[in-house]
Amino acid sequence: MTATSETGELSWSQRWTTWLRERTTVRSGREYWEGTFPAISEEIMKLDRNMRITPRFVADHDLFTLESISGMTEEAVAALRSEGFIHNGKWNAPVGPAALDFVDRHHLSELVSELTGVDVEEPQGATYIAYFEAGGHLDFHLDDFHYGEVNLIICLRHVVPDSTRNPSATVFIQSGGYRSCPLETGSFVLFDGAFTPHGRTPLAEGEEVILVSFSFKTKSRALWNVQDAPSAPPTRDEIEAAGTTIGAGAGNGN
Ligand SMILES: O=C(O)CCC(=O)C(=O)O
Ligand SMILES: [Fe+2]
């Protein structure tokens, strides 16, 4: 156990996540981002410079067919039902043999290496993710460093009622702006979750999303080095704590 968890201090990614969640929400639409984004883009630029891969959304392809993912979809539904747990507002469940079989059949690490241009090891982690309720969402965050340098999220099922005007999407913030990736069954995103703020916009009534997330370590150890990773700007609590110290005894109680 590290000193960090013993003292309850936030980790590097948790600090950035706190800062991001104080300033952004996935509930904001594109129009909002166009007007407001410049206020945080300088900070986001610091993260961009550290991305090990550029985020990529792949919708039109013949890689993952309905047939090739159906084993995982069935496994995910069963696992979510029997072992699912809520984590950060979304459902998670462990993967099983169907996911391992998918990794083998698709030579997934080779495929991801080709698609990203960065050589990766066999997946080091995998999990099913799901959202079943209207309003369900995941606010902007960074994943922990230990989750790996490359993250692949494949959509196993996305039920969208005909009446839905604005279906839920995976969203990224980069220094260039806001990017929405409306994942449909079989489509996928590849990104560096530790340095790319990302989240999921709220589901509409009747919508349902099931995903599988695979994480990969790069073969190049140089890319594991996060010593120079930029620290998050001060969070509100930190600013307040600093203010309290400076103005001790002179507070007006507001
Ligand atoms: O729901 C998504 O599209 C993203 C999920 C995610 O970022 C996570 O589980 O950490
Ligand atoms: Fe994430």
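Rule-based calculations on the coordinates, nothing more; no lab input. Everything numeric in this text was worked out from a predicted model, so none of it was measured. Backbone-built Cβ (ideal geometry, glycine too); neighbour counts: all protein chains shown.
Can you compute the equivalent ellipsoid semi-axes for the chain, i.e. the square root of 5 times each eigenvalue of the Cα gyration tensor, sorted largest first and rounded to whole Å? Display every interim value, and only then the final one.
Values: eigenvalues 213, 98, 66 Å².
Values for the chain, descending: 33, 22, 18 Å.
Treating r as the C-beta distance of R81 and A204 and R0 as 25 Å, the FRET efficiency rounds to 0.65. Rg/Rh for segment 49-200 (Cα atoms only, Rh after Kirkwood) is 0.93. Using a cut-off of 11 Å between beta-carbons, work out the net charge of the residues near D228 (Lys and Arg +1, Asp and Glu -1, D228 not included). The answer is +2.
Under the rule of -39500 (n - 2.57) per DSSP H run of 4 or more residues, summed and divided by the residues of the chain, what mean residue ellipticity at 222 nm is obtained, to the nearest 500 deg cm²/dmol?
Dividing the helical sum by the residues of the chain leaves -9500 deg cm²/dmol.
Using only Cα coordinates, the Kirkwood hydrodynamic radius of segment 176-231 works out to 14.6 Å.
Among the trypsin sites (Lys or Arg not before Pro) in segment 87-178, those placed in a DSSP loop whose Cβ has at most 14 other Cβ atoms within 10 Å are R165. Across the chain, C-alpha contacts under 8 Å between residues 6 or more apart give a mean separation that, scaled by the residue count, equals a relative contact order of 29 percent. Relative to the longest principal axis of the C-alpha atoms of the chain, give the angle of the C-alpha long axis of helix 12-23, reported between 0 and 90° and rounded to the nearest 10°. Long axis of 12-23 versus the principal axis of the chain: about 80 degrees. The overall shape of segment 137-254 is oblate: from the C-alpha gyration tensor, with semi-axes ordered a ≥ b ≥ c, the ratio a/c is 1.5 or greater and a/b is no larger than b/c.
E205 sits among other residues whose Cβ lies under 13 Å from its own Cβ, and their net charge, with Lys and Arg +1 and Asp and Glu -1, is -3. Between 0 and 90 degrees, the angle of helix 236-246 with respect to the longest Cα principal axis of the chain falls at about 20 degrees. The phi torsions of segment 88-102, fed into the Karplus equation with coefficients 6.51, -1.76 and 1.60 and a -60° offset, translate into couplings of 6, x, 10, 8, 10, 8, x, 7, x, x, 5, 5, 5, 4, 4 Hz, rounded to whole numbers, with Gly and Pro shown as x. If R0 is taken as 35 Å, the Cβ-Cβ distance between E42 and E67 corresponds to a FRET efficiency of 0.15.
Just to confirm a number: summing +1 for Lys and Arg and -1 for Asp and Glu over residues other than G186 whose beta-carbon lies under 14 angstrom from that of G186, what do you get?
That sum, taken over residues with Cβ under 14 Å, equals -3.
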